[in-house]
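Engineer: Here's a structure for you.
The values are calculated or read from the model by the stated rules, or taken from the named source; none is laboratory data. Everything numeric in this text was worked out from a predicted model, so none of it was measured. Because the Cβ atoms are built from the backbone with ideal geometry, glycine has one as well, and the counts that use them run over all protein chains shown. These area figures cover heavy atoms from the full protein model, side chains too; ligands, DNA and RNA do not enter into them. Shrake-Rupley method; radii C 1.70, N 1.55, O 1.52, S 1.80 Å.
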Amino acid sequence: MHAVERYVKRGFDMIESIRRAYTDLEGDYAFVIGRADDERLFALKKGSGLVIGLGEDFTCVSSDLPSILPLTRRIVRVRDGEIVALRHGSVEIHRVEDGRVVEREPEEDNESMDAAQKGGYPHYMLKEISEQPKAAQDLVHLLEASPHVTPMIEAMTTARHLYLVGCGTSYHACLLGSVYLARLARRAAIPVLAPQFIAQYCPAVEPGDVGIFVSQSGETKDVLNAVEAARGRGMRILGLVNVLGSTLTRESEVYLPLACGYEISVPATKTFTNQVVAFLALALRMGRHPSDIVAQVPHLLEKTLEEVEPQVRALEPSLKGHDDLYVLGYGLTYPIALEGALKLKEVTYAHCEGMLSTEFKHGPLSAVTQDYPVLFVGGPDNVPLLVSGINETTCRGGRAIAIAEEDPRLQVNAHDLILLPQAGALLNPLLATIPLQLLAYFHGVARGYDPDFPRNLSKTLTVD
Ligand code: M6R
């Protein structure tokens, strides 16, 4: 703002002032600037995403395409080194280099508008949770026909080192993807949070390394920074992305779309499920296993939604008054514990920590007092370990809530049991995600919060 104002005060017009300020500014940004006595708004960016929407009698600008689509489907993508002057009925793009006007035809975004409607649901979050079977089905079909799966697997197979990089929920999918790849394809893959990738692994990256960058939005700045750093070291960039046309799709040598349609609610739900489905499908294909197990996912998700919703509704009131809780998992369910805890804290504002169940006794167990809630996400292949963790909690007076397939040992030891359909160890994590999403949703609503737009958060984080 002041960088531009400095030139305005010297008598330059707005375009000229912004051009001059552009060369002064360092770092990445996207912003809009205006003058009280000028009807135009000016938008510019460097590194970050910025999209213009052209409506019938208005124009708008956002760093996040899905936020524009309910208003208009005609869009113009802004590039680095451009200044856009928006009037209420038109836009004009200028090059920073010489101030000249650039002609660019608007694009039509033809993705379904259904995502932008609540479709009878009280919140987008509940609608998007309910859409998971359909989204998974669409992805399964897409993966069967996609010409990009084979080159992706080739790159993963021949990689010197393979990294799975993301933030937040997308990182949790990377964690689970890494377990699938080790178990099913005997391929070690390093899951890492995008900023930590830069700090920890980038210095060791060499040509021949491959990174799968995972992002719902494809615009998360932390992820794009990691892409840039990785490319600088010669890494091959692959993507798993939901928003087509996003920066990550353009930056990736090959990418797989997540086929979820737009996700409006800030808490990611259906995109997490499809990230996991994509990793499972890739791991099965890479390990030369039949892929029929993936075809079962949509039906099992549907069954889980039906069966767990009443159980979660019944459990939810018992969390009232608890502002602290833990979610524990192990092996394949460890990423689900992290993801469930993230959903709970994001939507309910309670402090909820996800953790490897075996780590609980190394310190956090001291938090457990009478009725203290601890959720255990159990896989069918680790019931004895689960029972041992449950007993560590219950013998200190804590309340153990298990989310698992039916097993008499859990029925005897846990206070509450949310029963999942029988699906086996590989699919169990996908199903276990659903009651945690629903619990976060119902509990957040019961606490009086809007689950779609939690305070202090935004859907797409385009800042460092
Ligand atoms: O668009 P991305 O997948 O790159 O976003 C990453 C995180 O910001 C995102 O997953 C965030 O953690 C979600 N709001 C969690 O529900």
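Yes or no, residue by residue, for (1) of a type outside the set (A, V, I, L, M, F, W, C); (2) crowded, with 22+ Cβ neighbours inside 10 Å:
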{"residue": "TYR29", "(1), (2)": "yes, no"}
{"residue": "ASP38", "(1), (2)": "yes, no"}
{"residue": "GLY53", "(1), (2)": "yes, yes"}
{"residue": "SER62", "(1), (2)": "yes, no"}
{"residue": "LEU71", "(1), (2)": "no, no"}
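Engineer: Still on this structure, I have one more. Being among the acidic types (Asp, Glu) and in contact with a Leu (Cβ under 7 Å, 6 or more places away or on another chain) narrows it down to one of GLU353, GLU316, so name that one.
Structural biologist: GLU316
Engineer: Here is a list: ALA204, ALA188, ALA199. Which entry is open to solvent by 50 Å² or more (accessible area, probe 1.4 Å), over 29 Å from VAL463 (Cβ atoms), of a type in the set (Gly, Ala, Ser) and free of Cβ contacts under 8 Å to residues at least 60 places away in the same chain?
Structural biologist: None of the others qualify; the one that does is ALA188.
Engineer: Suppose the filter is within 16 Å of the ligand (Cβ to nearest atom) and either of a type outside the set (Phe, Trp, Tyr) or within 16 Å of ASN428 (Cβ to Cβ) (or both); does LEU342 pass it?
Structural biologist: yes
Engineer: May I pose another question? If you check ARG455 against the conditions, is it more than 29 Å from ARG183 (Cα to Cα) and basic (Lys, Arg)?
Structural biologist: Criteria met by ARG455.
Engineer: Further question on the same structure: When region 334-356 is examined, which residues are found to be over 20 Å from the mean Cα position of the chain (by Cα) and open to solvent by less than 30 Å² (accessible area, probe 1.4 Å)?
Structural biologist: Hit for region 334-356 is ALA350, nothing else.
Engineer: Further, regarding this structure: Can you list the helices (runs of 4 or more DSSP H) lying wholly within region 214-333 that have 2 or more residues being open to solvent by 10 Å² or more (accessible area, probe 1.4 Å) and within 12 Å of the ligand (Cβ to nearest atom)?
Structural biologist: 221-232
Engineer: To continue, here is another question. Could we say that ALA367 is free of Cβ contacts under 8 Å to residues at least 60 places away in the same chain, of a type in the set (A, V, I, L, M) and open to solvent by 30 Å² or more (accessible area, probe 1.4 Å) here?
Structural biologist: Spelling it out, ALA367 is indeed free of Cβ contacts under 8 Å to residues at least 60 places away in the same chain, of a type in the set (A, V, I, L, M) and open to solvent by 30 Å² or more (accessible area, probe 1.4 Å).
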